[in-house]
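These notes are about the structure you will find just below.
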Amino acid sequence: PFSAGELLCLGSSVAFSGLFYYLYRRKARLAARIQEAPKLRVDDDLPALVSAAEGRCLSYVALEGIVLPAKATLSSHHHEDMQGVIQKLLLKEHRLVWNSLAWSW
């Protein structure tokens, strides 16, 4: 009762729906993690908090206070479209993350 063209359209529609739902859920989890990020003050205690963190890495943090860039804005190592500034503290991350869509590290 179904032609090959109809089955092809149905299959591609289901595949694209699954892909877009996966991308939506991924962005929704990211937005939830950013909204739940701890708020830290920019003061002399900030380097000690970063040093005490597991792996010396704070994934998502909201800095409160006057923050001026030292030279230029910095891009996130985890998400290239996010930018921020560093006032006095410099953090280098050495973390490999597997990108399942691009099949690369």
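Ranking 51, 18, 4 by how far each Cα lies toward the positive end of the dipole of segment 1-54 (charges on Cβ) leaves 4 at the top.
Placing pseudo-labels 7 Å out from each Cα toward the beta carbon at residue 24 and residue 99 gives an inter-label distance of 2.4 nm.
Once the C-beta distance of residue 16 and residue 82 is scaled by a Förster radius of 30 Å, the resulting FRET efficiency is 0.65 to the nearest 0.05. Note the full-extension length gain between residue 59 and residue 41 as 0.36 nm times their separation in residues minus their Cα-Cα distance, in nm to one decimal. Stretched out fully, the residue 59 to residue 41 stretch lengthens by 4.9 nm.
Computed from the coordinates by the stated procedures, all read-outs in this text should not be read as laboratory data. All values reported here derive from a predicted model rather than from experimental measurement. No Cβ is skipped: glycine too gets one built from the backbone with ideal geometry, and neighbour counts run over all protein chains shown.
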